[in-house]
Amino acid sequence: MGRVENESWYRVVAKHGAKRVFRAGEPINFQDEKSEHVGILISGRAKAVSFTESGIETWLGYFSEGDFFGHISLLTVMPVNFETTAETDTEALIIPVSRMKEILSENRELTHAINKDLARRLDLMMRRLVEALTLSARGRVCAELIRLSSPIGIEPTQQIIRPNPVFVELALRVSSTRETVSRTISALQKKGIILREPGALVIPNPERLKAAVK
């Protein structure tokens with residue numbers, strides 16, 4: 001059983017929803033369509049991207065275990081302006097918006113969980129907006145590497161990024177190019193700020209990487 005399935009509010013919601021599996025690359029919600037459901041990711045990973053009329057793709061964020069998606073439909077009847085797609089095989093609990101609103105009125109824990117999720121996403125979007133306006137492309141790559149990293153259990157002063165980030169995807173995240181990402185990571189590697197290991201990037205001194213965010 002996954003982490004989210006152990007939450008008391010999830011057990012309440014699960015009685016009124018249905019589990020669904022989305023294969024890697026399969027759309028979950030379409031851009032410019034009104035969402036009729038709220039979802040909770042049980043396992044896997046999904047991404048949110050926006051497309052211009054000419055087909056230019058902008059990466060907006062990701063969803064992982066325990067995250068809500070489609071919950072903007074609880075606040076507005078406007079169509080969503082991005083598409084949600086499964087990056088890996090993904091299992092989610094899908095609940096109709098109308099039923100979710102009824103549950104929210106009766107369950108304070110669920111209301112708190114959704115509010116917390118929305119606040120976190122708003123904070124992340126504001127951070128990215130500030131970075132886009134104030135940082136160089138190299139600085140944005142460094143900032144994203146910090147976000148992707150997590151502590152190493154046996155050496156908590158170090159950070160690790162696993163699996164190794166795909167340069168094309170990293171470029172989409174920071175609105176840059178694959179070449180810029182490649183050059184930035186190579187430069188960081190030459191300075192010993194990041195180290196390559198099989199399937200991962202290790203950050204031996206996170207403060208040095210933070211100092212490169214400019």
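Share of the stretch 1-120's accessible area from carbon and sulfur, percent, 1.4 Å? Don't skip to the answer; put the middle values down first.
Numbers: 3390 of 6540 Å².
Percent of accessible area from carbon and sulfur atoms in the stretch 1-120: 52.
So how strong a dipole does the chain carry about its Cα centre when Lys and Arg Cβ are +1 and Asp and Glu Cβ are -1, to the nearest 20 debye? Intermediate results must be reported in sequence, preceding the final value.
On the way: 30 positive and 26 negative charges, 159 e Å.
For this selection, approximately 760 debye.
Taking θ = phi - 60°, what integer Hz values does the Karplus form 6.51 cos²θ - 1.76 cosθ + 1.60 yield along the stretch 79-95, in sequence order, with x for Gly and Pro?
x, 6, 9, 8, 10, 10, 10, 5, 7, 10, 4, 10, 10, 9, 9, 10, 10
Over the chain, what is the relative contact order in percent, taking alpha-carbon pairs closer than 8 angstrom and at least six residues apart?
Details: 362 pairs, mean separation 42.4, N = 214.
Taking the mean separation of contacting Cα pairs over the length of the chain, I get 20 percent.
Can you work out the PRE-style zone for Glu106? Point 7 Å along Cα to Cβ, and I want the residues of the stretch 1-34 with backbone N under 18 Å.
Correct set: 8-18.
Considering only protein heavy atoms and a probe of 1.4 Å, how much of the accessible area of the stretch 137-214 is carbon and sulfur, as a whole percent? Can you show the working numbers first?
Numbers: 2290 of 4150 Å².
Result for the stretch 137-214: 55 percent of the exposed heavy-atom area is carbon or sulfur.
GNM on the chain, C-alpha springs below 10 Å: top fluctuator among Phe63, Phe30, Phe51?
Phe51
Could you give the accessible area per residue of the chain, probe 1.4 Å, as a whole number in Å²? Before the final figure, lay out each step's value.
Values: 11940 Å² over 214 residues.
Value for the chain: 56 Å² per residue.
Mind checking the dipole of the stretch 136-183: about its Cα centre, +1 per Lys or Arg Cβ, -1 per Asp or Glu Cβ, Debye to the nearest 20?
Values: 7 positive and 4 negative charges, 29 e Å.
Once rounded to the nearest 20, the dipole reads 140 debye.
Taking only DSSP H segments of four or more residues, each worth -39500 (n - 2.57), what value at 222 nm results for the chain once the sum is divided by all its residues, to the nearest 500 deg cm²/dmol?
On the way: 7 runs with 80 residues, N = 214.
That comes out to -11500 deg cm²/dmol.
Out of these labelled values of Cα extents along the principal axes in Å, (1) 70, 54, 25; (2) 64, 37, 32; (3) 55, 46, 30, which was calculated from the coordinates shown here?
(3)
For Val49 and Arg20, what is the calculated FRET efficiency with R₀ set at 22 Å and r taken between the beta-carbons, to the nearest 0.05?
Result of the calculation: an efficiency of 0.60.
Want the number for Thr134 to Ser98: 0.36 nm per residue separation, take away the alpha-carbon distance, what's left? Write down the numbers at each step before the final one.
Working: separation 36, 0.36 × 36 = 12.96 nm, distance 4.10 nm.
Stretched fully, the Thr134-Ser98 segment lengthens by 8.9 nm.
Name all residues of the stretch 38-67 having a backbone nitrogen under 18 Å from the label point set 7 Å from the Cα of Ser175 along its Cα→Cβ direction, giving them as ranges.
48-62
Per-residue HN-Hα couplings for the stretch 21-30, Karplus 6.51 cos²θ - 1.76 cosθ + 1.60 at θ = phi - 60°, whole Hz, x for Gly and Pro?
Result, rounded to whole Hz: 9, 10, 6, 3, x, 7, x, 9, 10, 9.
What's the longest bit of the chain with no exposed GluC sites (Glu not before Pro), using DSSP loop states and at most 11 other Cβ atoms within 10 Å as the test? Show your work: numbers first, answer last.
Working: sites that count: Glu33, Glu53, Glu106.
Counting at most 11 other Cβ atoms within 10 Å as exposed, the longest clean stretch of the chain is 107-214.
The values are calculated or read from the model by the stated rules, or taken from the named source; none is laboratory data. Note that the coordinates shown come from a computational prediction; the quantities given were computed from them, not determined experimentally. Neighbour counts are summed over all protein chains in view; Cβ atoms, including those assigned to glycine, are modelled from backbone coordinates with ideal geometry. Heads up: the accessible areas ignore ligands, DNA and RNA and are worked out on the full protein's heavy atoms, side chains in. Shrake-Rupley method; radii C 1.70, N 1.55, O 1.52, S 1.80 Å.
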